[in-house]
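K.L.:
I have a structure here, written as structure tokens, and I will follow up with some questions on it.
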Amino acid sequence: MQLVFSDAQFWEDFLPLTFTRPTAEMRCGILTFSERWQKLLDISDVSFITEDFLQEKFKKPEKVESLFIVPNFLPSETVLNQIINLQLGEALVYENELLAVRINMENFSLKDIEKMTDIHEELVFFKQPTDLFSFNEKAINFDFELLTNGKTSAELSATNGFLGDKKDLFIEEGANIEFSTLNTKTGKIYIGKNAEVMEGCNLRGPIALCEESKFNLGAKIYGATTIGPHCKVGGEVNNIVIFGYTNKGHDGFVGNSVIGEWCNLGADTNSSNLKNNYAIVKLWNYRTKRFANTGLQFAGLIMGDHSKSAINTQFNTGTVVGVAGNIFKSGFPPNLIDNFSWGGMKGDEKFKLEKAYEVAELAMGRRKVAFTEEDRGILKFVYENY
């Protein structure tokens with residue numbers, strides 16, 4: 001059966017993170033939403049209903065019988081079983097919105113749904129970027145059980161210090177951890193395949209360090225933090241999510257933040273996550289085109305793919321950086337940094353599109369990932385329309 005992920009009404013709410021991906025391809029916990037549902041349902045044939053300019057890269061559905069899901073939530077065991085047992089023409093509804101339906105994608109219409117069942121229990125639902133770090137502990141716990149149940153962890157080297165219960169630590173094969181401290185009293189710690197924790201690191205769970213990623217010498221990592229695959233992280237971080245292929249390799253603090261792929265934070269980049277007056281933080285909302293109240297006292301940086309900060313960059317509390325922004329000027333940049341900004345300040349010229357292609361190709365090539373025509377088309381559309 002085909003698994004179809006729909007952005008529903010959420011794509012715009014997750015900008016700038018979704019300028020370059022459907023909502024299903026965002027990471028939270030250990031896995032992306034797409035990876036999580038594939039494992040839960042044991043379905044590998046996936047497609048996406050998303051923005052037109054993304055569909056060249058993210059496959060459109062075939063006109064066959066499909067399980068259609070809005071992916072950005074964590075299912076309870078009851079709801080998961082309800083989804084698995086859906087029959088053709090049956091749907092699940094949550095908060096008056098379609099959540100899952102089993103349908104034939106050939107000329108599908110809502111009138112084809114013969115039975116709708118309301119879900120009344122409260123679900124962990126992700127509706128905006130700050131939810132990715134706010135609910136990250138719940139997602140780490142969910143994925144930890146999903147990925148490690150029935151498996152045996154690799155042994156932790158005797159050179160390390162450990163606090164907590166060993167059942168809350170899982171180390172995949174090929175991971176390397178030496179002369180560091182790991183504390184699972186505060187939450188679970190997952191170390192992915194071929195990941196490395198260099199000497200002198202202090203890890204205080206919940207933490208997920210994904211495949212091929214590294215904590216650099218002496219890093220201080222507070223949970224709930226997720227570092228996606230192929231990243232390097234150093235300095236001090238607290239409750240952040242990095243999707244993958246991004247470096248924050250040096251000293252500097254980042255907290256309560258979400259950072260996309262192919263970003264680089266220069267040495268001593270710092271992001272404030274708390275206002276001096278302890279006020280609730282506001283973040284730019286691309287749908288309403290104004291700063292919106294997050295309801296949070298702690299909120300730092302939301303950064304889209306391919307953005308870079310120079311050494312000693314200082315981000316204000318509640319800063320949003322678009323796609324392929326380059327921040328290098330002195331002083332605090334504004335709380336909204338445009339896509340393709342060249343400098344990071346208001347009124348700065350745009351980073352030339354051809355140069356953005358060139359940098360993306362070089363950065364991705366270092367990780368042996370191709371910069372495709374589809375990637376080029378996505379950046380071009382964002383450049384010309386946003």
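K.L.:
Looking for something surrounded by fewer than 20 Cβ atoms within 10 Å (Cβ to Cβ), touching a helix residue (DSSP H, G or I) at 6+ places or on another chain (Cβ under 7 Å) and either among the hydrophobic types (A, V, I, L, M, F, W, C) or touching a residue at least 24 places away in the same chain (Cβ under 8 Å) (or both) - is there at least one such residue anywhere in the stretch 144-154?
P.N.:
Yes, the stretch 144-154 contains at least one residue that is surrounded by fewer than 20 Cβ atoms within 10 Å (Cβ to Cβ), touching a helix residue (DSSP H, G or I) at 6+ places or on another chain (Cβ under 7 Å) and either among the hydrophobic types (A, V, I, L, M, F, W, C) or touching a residue at least 24 places away in the same chain (Cβ under 8 Å) (or both).
K.L.:
Is one or more of the residues making up the stretch 118-133 surrounded by fewer than 13 Cβ atoms within 10 Å (Cβ to Cβ) and touching a strand residue (DSSP E or B) at 6+ places or on another chain (Cβ under 7 Å)?
P.N.:
yes
K.L.:
Taking Glu106 as meeting all but one of (1) in contact (Cβ under 8 Å) with a residue 24 or more places away in the chain; (2) more than 15 Å from Ile49 (Cβ to Cβ); (3) among the charged types (D, E, K, R), write down the number of the exception.
P.N.:
Going through (1) in contact (Cβ under 8 Å) with a residue 24 or more places away in the chain; (2) more than 15 Å from Ile49 (Cβ to Cβ); (3) among the charged types (D, E, K, R) one by one, Glu106 breaks only (2).
K.L.:
Residues that are under 15 Å from Val323 (Cα atoms) and surrounded by 17 or more Cβ atoms within 10 Å (Cβ to Cβ): does the stretch 271-284 have at least one? Steps first, please.
P.N.:
Taking the stretch 271-284 and keeping what is under 15 Å from Val323 (Cα atoms), we get 284.
Restricting the remaining residues to those that are surrounded by 17 or more Cβ atoms within 10 Å (Cβ to Cβ) gives 284.
For the stretch 271-284, residues under 15 Å from Val323 (Cα atoms) and surrounded by 17 or more Cβ atoms within 10 Å (Cβ to Cβ): present.
K.L.:
Can you tell me how many residues within the stretch 53-70 are over 18 Å from Asn107 (Cα atoms) and either part of a strand (DSSP E or B) or over 20 Å from the mean Cα position of the chain (by Cα) (or both)?
P.N.:
Kept after step one, since they are over 18 Å from Asn107 (Cα atoms), are these residues of the stretch 53-70: 53-58, 70.
Now drop any that are not either part of a strand (DSSP E or B) or over 20 Å from the mean Cα position of the chain (by Cα) (or both), which leaves 53, 56.
Looking only at that region, the number is 2.
K.L.:
Follow-up. Checking the condition at pLDDT below 95, out of contact with any Cys (no Cβ under 8 Å at 6 or more places or on another chain) and under 18 Å from Leu41 (Cα atoms), which residue from Ile103, Ile69, Ile113 passes?
P.N.:
On the way: Ile69 fails: at pLDDT below 95; Ile113 fails: under 18 Å from Leu41 (Cα atoms).
Testing whether each residue is at pLDDT below 95, out of contact with any Cys (no Cβ under 8 Å at 6 or more places or on another chain) and under 18 Å from Leu41 (Cα atoms) leaves just Ile103.
K.L.:
Examine the stretch 231-244 for a residue that is of a type in the set (S, T, N, Q), under 21 Å from Ala208 (Cβ atoms), buried (at least 24 other Cβ atoms within 10 Å of the Cβ) and in the same structural domain as Leu217 (by TED's automatic domain parsing), and state whether such a residue exists. Give the derivation first.
P.N.:
Going through the stretch 231-244, the residues of a type in the set (S, T, N, Q) turn out to be 238-239.
Subsequent filtering for residues that are under 21 Å from Ala208 (Cβ atoms) retains 238-239.
Imposing the further condition that a residue be buried (at least 24 other Cβ atoms within 10 Å of the Cβ) reduces the set to none.
Within the stretch 231-244, none of the residues are of a type in the set (S, T, N, Q), under 21 Å from Ala208 (Cβ atoms), buried (at least 24 other Cβ atoms within 10 Å of the Cβ) and in the same structural domain as Leu217 (by TED's automatic domain parsing).
K.L.:
Counting only residues that are over 27 Å from the mean Cα position of the chain (by Cα) and over 30 Å from Gln87 (Cβ atoms), give me the strands (runs of 3 or more DSSP E) lying completely in the stretch 106-212 with at least 3 of them.
P.N.:
On the way: elements: 115-118, 161-163, 169-171, 181-183, 189-191, 202-204, 207-209.
Where strands (runs of 3 or more DSSP E) fall fully within the stretch 106-212 and carry at least 3 residues being over 27 Å from the mean Cα position of the chain (by Cα) and over 30 Å from Gln87 (Cβ atoms), they are 161-163.
K.L.:
Is at least one residue of the stretch 162-169 touching an Asp or Glu at 6+ places or on another chain (Cβ under 7 Å) and of a type outside the set (Gly, Ala, Ser)?
P.N.:
Going through the stretch 162-169, the residues touching an Asp or Glu at 6+ places or on another chain (Cβ under 7 Å) turn out to be none.
Scanning the stretch 162-169, I find no residue that is touching an Asp or Glu at 6+ places or on another chain (Cβ under 7 Å) and of a type outside the set (Gly, Ala, Ser), so the answer is no.
K.L.:
Cβ-Cβ under 9 Å, sequence separation 6+ or interchain: first residue in the stretch 346-369 and within 18 Å of Asn264 (Cα to Cα), partner hydroxyl-bearing (Ser, Thr, Tyr). Which pairs?
P.N.:
Hits for this filter: Phe351/Ser341; Phe351/Tyr383; Ala356/Tyr383; Ala363/Tyr245; Met364/Tyr245; Arg367/Tyr245; Val369/Tyr245.
K.L.:
Could you tell me which of the residues Ser76, Ser109 is polar (S, T, N, Q) and under 28 Å from Gly223 (Cα atoms)?
P.N.:
Values: Ser109 fails: under 28 Å from Gly223 (Cα atoms).
Selected residue: Ser76, the only one of Ser76, Ser109 that is polar (S, T, N, Q) and under 28 Å from Gly223 (Cα atoms).
K.L.:
Here is a list: Phe142, Phe170. Which entry is farther than 28 Å from Leu217 by Cβ, of a type in the set (Phe, Trp, Tyr) and in contact with a strand residue (DSSP E or B) (Cβ under 7 Å, 6 or more places away or on another chain)? First the steps, then the outcome.
P.N.:
Details: Phe170 fails: farther than 28 Å from Leu217 by Cβ.
From the options Phe142, Phe170, the qualifying one is Phe142.
K.L.:
What number of residues in the stretch 279-294 are within 13 Å of Pro129 (Cβ to Cβ) and either outside the structural domain of Gly322 (by TED's automatic domain parsing) or in a loop (DSSP other than H, G, I, E, B) (or both)?
P.N.:
The qualifying residues number 4.
The values are calculated or read from the model by the stated rules, or taken from the named source; none is laboratory data. Bear in mind that the values here come from a model prediction, so they are computed numbers and not experimental data. No Cβ is skipped: glycine too gets one built from the backbone with ideal geometry, and neighbour counts run over all protein chains shown.
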